[in-house]
Amino acid sequence: MKFLKMVWIGFGILSISQMSFSEGVVTKHKKLKIPHNHASMAGGSVLMLGDYHVEIKATKKANTLELFTSDRVRDPVDANLFDLKVVLVDGAIKTPLKFEQSKDLKSKVLVDLSLGHSANASLEISASRITPIKGEVSSTSPQSIKLKDVLKSSNSRKRL
C-alpha cells in the first residue's frame, strides 16, 4: 500500500513540475494560442510589432495621422508603455516625425505629417515595449507601410 501511495505522490509531483504558474493561472508549458485578428478597429491599417498591434489612419484634420496601440487580443494599451518611433521614408531621406499622446485616449497618438512628401513615401513604425512583460515578444524591428495605402484605406473606410 505504501508503494502505491508513493507512486501516486510521485506522479502528482511530476505533473505539477510540468506546469507553470503564470499570472495566477496554471498553464502547460506549451504556448497558448490566443485568438486575435488584424481587422481594423479604428478604420486604419494594422501592423504587428511582436505581440502588439499598431493601427494607423489618416484623420479629418489635414497632415495628422492617428496611431493606436493594442495588445495581442486588440485590447488598448497605453502608448506611453512603448518606445514609439515613426519615421517618414521618402527615397533615401529618413525623417523622424513628431507626435503627441492624445488627450482623450491613452492608446492613441497624434502624428504630425506636415512635412512635404512624395507619392512613394512610406512610414516606418517601431514600438518596443519599455518594460517587457514576461512571455511577451516586444519587437524592435520597424514595420513599413506605404503612406498612400494609409491615406487610401482611411478614406475608403470613411465612405462606408
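The values are calculated or read from the model by the stated rules, or taken from the named source; none is laboratory data. For clarity, every value in this text was computed on a predicted model and none was experimentally measured. Cβ placement follows ideal geometry from the backbone for every residue including glycine, while neighbour counts extend to all protein chains displayed.
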Just to be sure I understand the filter: pairs with C-beta atoms under 6 Å, separated by 6 or more residues or on different chains, first member in segment 78-91 and among the basic types (K, R), second member assigned to a strand (DSSP E or B). Which pairs pass? K85/S126
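Among the residues in segment 138-154, are any among the basic types (K, R) and more than 19 Å from the chain's Cα centre (by Cα)?
yes
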Name every residue in segment 56-94 that is touching a His at 6+ places or on another chain (Cβ under 9 Å) and surrounded by fewer than 15 Cβ atoms within 10 Å (Cβ to Cβ), in order of residue number. V73
Considering S22, S17, which residue is out of contact with any His (no Cβ under 8 Å at 6 or more places or on another chain), farther than 16 Å from S144 by Cβ, at pLDDT below 85 and loosely packed, with under 11 Cβ neighbours inside 10 Å? S17
Counting only residues that are of a type in the set (K, R) and in contact with a Phe, Trp or Tyr (Cβ under 9 Å, 6 or more places away or on another chain), give me the strands (runs of 3 or more DSSP E) lying completely in segment 57-160 with at least 2 of them. none
Subset of segment 95-124, residues surrounded by fewer than 17 Cβ atoms within 10 Å (Cβ to Cβ) and of a type in the set (D, E), comes to E100, D104, D112
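From A58, A42, A62, grab the single residue that is among the aliphatic types (A, V, I, L, M) and modelled with pLDDT under 85.
Criteria check complete, one pass: A62.
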